[in-house]
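A short worksheet on the structure shown next.
Just so it is clear, none of the values below were taken in a lab; they were calculated from the coordinates. As the structure is a computational prediction, the values presented were derived from the model and not from experiment. Heads up, the Cβs are rebuilt from the backbone with ideal geometry, glycines too, and the neighbour counts pull from every protein chain shown.
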Amino acid sequence: MQKLKVSELVSARLSHKEMEEIEKLVEEGFYMNVADFVRMAVREKLESVKVIDVRDVAKEKAKKEVVEYLKENQRAYPSDVADALQLDFDLVLEIVKDLIEEGRAK
């Protein structure tokens with residue numbers, strides 16, 4: 001019977017100063033050990049980085065979606081619109097510029 005891997009071993013080079021700072025946090029009781037610090041740092045980073053799958057949508061369809069979104073969320077930034085609708089950020093910027101020129105957005 002094959003064992004399933006529950007975790008992977010990863011090595012990384014850290015500066016002397018970084019290691020000193022980590023070890024100080026361990027000594028002060030913030031983390032159980034260096035590995036605990038690294039696991040927590042990786043988890044926190046992964047939670048803070050959000051990867052968005054961008055849909056491939058024609059500009060006119062995207063424009064309709066953006067208009068509908070802005071009706072509900074009038075103070076949204078283009079990045080918010082792109083994230084919420086899973087649209088390419090540059091496409092949303094182009095659409096917002098068009099809507100401003102058309103007088104349909106501020």
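Projected onto its three principal axes, the C-alpha set of the stretch 59-101 covers 21, 19, 16 Å, listed from the longest axis down. Restricting attention to the chain, the count of lysine pairs at 8 or more positions apart or across chains with alpha carbons under 29 Å apart stands at 26.
The string of couplings for the stretch 70-85 from the Karplus curve (6.51, -1.76, 1.60, θ = phi - 60°) is 5, 5, 7, 10, 5, 9, 7, 7, x, 5, 5, 5, 4, 5, 5, 9 Hz, one whole number per residue in order, with x for Gly and Pro. In percent, rounded to a whole number, the relative contact order of the chain is 18, using alpha-carbon pairs under 8 Å and six or more apart.
Each residue of the stretch 34-41 was assigned a 3J(HN,Hα) from its phi angle through the Karplus curve 6.51 cos²θ - 1.76 cosθ + 1.60 (θ = phi - 60°); the sequence is 4, 4, 4, 4, 4, 4, 5, 5 Hz, with glycine and proline shown as x.
Three principal axis extents describe the C-alpha atoms of the chain; from largest down they are 61, 43, 24 Å. In this simple spin-label model, placing a label point 7 Å from the Cα along the Cα-to-Cβ direction at both PHE89 and ALA105 gives a separation of 1.5 nm. When you filter the GluC sites (Glu not before Pro) in the stretch 1-41 for DSSP loop state and at most 13 other Cβ atoms inside 10 Å of their Cβ, you are left with GLU8, GLU28. Measuring from centroid to centroid over Cα atoms, what is the spacing of the stretch 3-22 and the stretch 26-93 in Å? Spelled out, the Cα-based centre of one part sits 27 Å from the other.
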